[in-house]
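What follows is a single structure, written as structure tokens, with notes after it.
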Amino acid sequence: MSEIILSDRMLELVARRFRFLGEPLRLRILQSLSRGEKTVTRLVEELDANQPNVSKHLNMLLEGGLVNRRKEGTSSLYSIADPLLFTLCDLMCRSTTERTRQELESLQGNARPLRRKRA
């Protein structure tokens, strides 16, 4: 892998963007939006979450540039702003899956059969 040298300002911007992904509900919102644009009402129904919480997280994702919002009549429709987001998520999911698999194998390798105590 080639070494990438980032300025302090760029590191701050990247860290800020990662912080927007550091909340499970925001990731669930992004996952839902990966299937197409949706209203807040539709997201609330799909995610079984409350409207104020979904709206708060959508506003944060909008602020972070991760989602777009467009008006249609009285409704706001949200969509993914940068599809590369899913490449990042895919890499993280693969890495997490592999790490979990290795940890499980390690635990299984160290496991000893349980013996029952005699009464």
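Is it the case that residue 42 is more than 18 Å from the chain's Cα centre (by Cα) and farther than 14 Å from residue 80 by Cα? Yes. Within the stretch 1-52, the set of residues being β-branched (Val, Ile, Thr) and out of contact with any helix residue (DSSP H, G or I) (no Cβ under 7 Å at 6 or more places or on another chain) comprises 4, 5, 14, 39, 41. For the stretch 78-91, filtering for residues that are more than 14 Å from residue 33 (Cα to Cα), loosely packed, with under 12 Cβ neighbours inside 10 Å and either modelled with pLDDT of 95 or more or not β-branched (Val, Ile, Thr) (or both) leaves 2. Say whether the condition of being touching a strand residue (DSSP E or B) at 6+ places or on another chain (Cβ under 9 Å), at pLDDT below 95 and either farther than 14 Å from residue 55 by Cβ or of a type in the set (D, E, K, R) (or both) is met by at least one residue in the stretch 31-43. The answer is yes, given that some residue of the stretch 31-43 is touching a strand residue (DSSP E or B) at 6+ places or on another chain (Cβ under 9 Å), at pLDDT below 95 and either farther than 14 Å from residue 55 by Cβ or of a type in the set (D, E, K, R) (or both).
The one condition from (1) closer than 28 Å to residue 19 by Cβ; (2) basic (Lys, Arg); (3) at pLDDT below 90 that residue 115 does not meet is (1).
Within the stretch 10-21, residues that are closer than 19 Å to residue 58 by Cα reach no partner that is assigned to a helix (DSSP H, G or I) with beta carbons closer than 6 Å at six or more positions or on different chains. Picking from residues in the stretch 63-77 that are in contact with a Leu (Cβ under 7 Å, 6 or more places away or on another chain) and under 21 Å from residue 16 (Cα atoms), the one that is surrounded by the most Cβ atoms within 10 Å (Cβ to Cβ) is 67.
The values are calculated or read from the model by the stated rules, or taken from the named source; none is laboratory data. Since the structure is predicted, the reported quantities are computational estimates derived from the model, not experimental observations. We place every Cβ from the backbone using ideal geometry, glycine too, and count neighbours over all the protein chains shown.
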